[in-house]
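Comments concern the structure below.
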């Protein structure tokens, strides 16, 4: 059998030749994990090393179009969602179960194969010493609803990014643990790298309140980061996510005549008025296509966001000027959700 490094080096070369990456990943899995393998006890197994690298490296994940998802609950959320859509498909390339754990019946339909692993292997896969709450790990394909837009896109391609761009989320300049949410309808995220859990929580809220998609600006955390995935409980697989830049966001804004809003503390606004979030304001936006932009609490939104967007703040008592991004985001996403959900 080829070594892990030689197998994966060959994969990278093939990927550059426009081969279907999902089919390719399946072939790589077969090479590293032969069909006759039903139980893995060695943490140095090539397939285990492949899975660990998927968890640790964003570039590796995307080069293989695969994700490692930890925990029965988020895996179950994804399979429940798959069960509600018309075009059902097998999204789990391999379901890895802790030895002795029951096989979740609802996951079998969406799994290509099921393999048992020992405790030491499960710890290696999860990167944790305590795995009491984790009985399952899934190797999944990155969904087709995720799009990384390159510099060669045609302007007309923007219509395929979001099927119904009425409410989209955009994050901008988020660098720390505390962030502000900016804008409505479309949310764009830039620099969300220090706390992936915030990104995951925002994705979960966006799905809960039926927003139509998320736009990630450069510097944003990978939505398939393991911490982001756990916080989102599988939401990254349930709505369109586009990773692009400001030029592409501007193309989207013009194409759908989207209204750009940005969260901004009233006391920090200089020269440009910040309106308070209210039911009246939310009602006035019911028929508009909206983009919501988030910026960091420490540095605020970027100059570009401040120039393009109408500023909006959350009224608060006392001397508080901002909230954690996931808290502020939940408030904005709820208040500005589609009318039929109120």
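A short reminder: the numbers here are calculations on the coordinates, not readings from a lab. Remember, it's a predicted structure, so these values are computed and weren't measured experimentally. Because the Cβ atoms are built from the backbone with ideal geometry, glycine has one as well, and the counts that use them run over all protein chains shown.
Points worth noting:
- At R0 = 22 Å, FRET efficiency that the Cβ-Cβ distance of residue 317 and residue 208 yields, to 0.05: 0.25
- Prolate/oblate/rounded call for segment 50-161, Cα gyration tensor, a/c under 1.5 rounded: oblate
- Span from the segment 300-334 Cα centroid across to the segment 38-84 one, whole angstrom: 35 Å
- Working from label points 7 Å from Cα in the Cα-to-Cβ sense, the residue 272 to residue 254 distance is 1.9 nm.
- Of the peptides 40-48, 144-152, 202-210, the order by per-residue mean of other Cβ atoms within 10 Å, starting with the highest, comes out as 202-210, 40-48, 144-152.
- Between residue 112 and residue 99, residue separation times 0.36 nm minus the direct Cα-Cα distance comes to 2.8 nm.
- R0 of 51 Å, Cβ-Cβ distance residue 56-residue 288: FRET efficiency to nearest 0.05: 0.80
- Chain lengthening between residue 154 and residue 331 when straightened (0.36 nm per residue, less Cα-Cα): 60.2 nm
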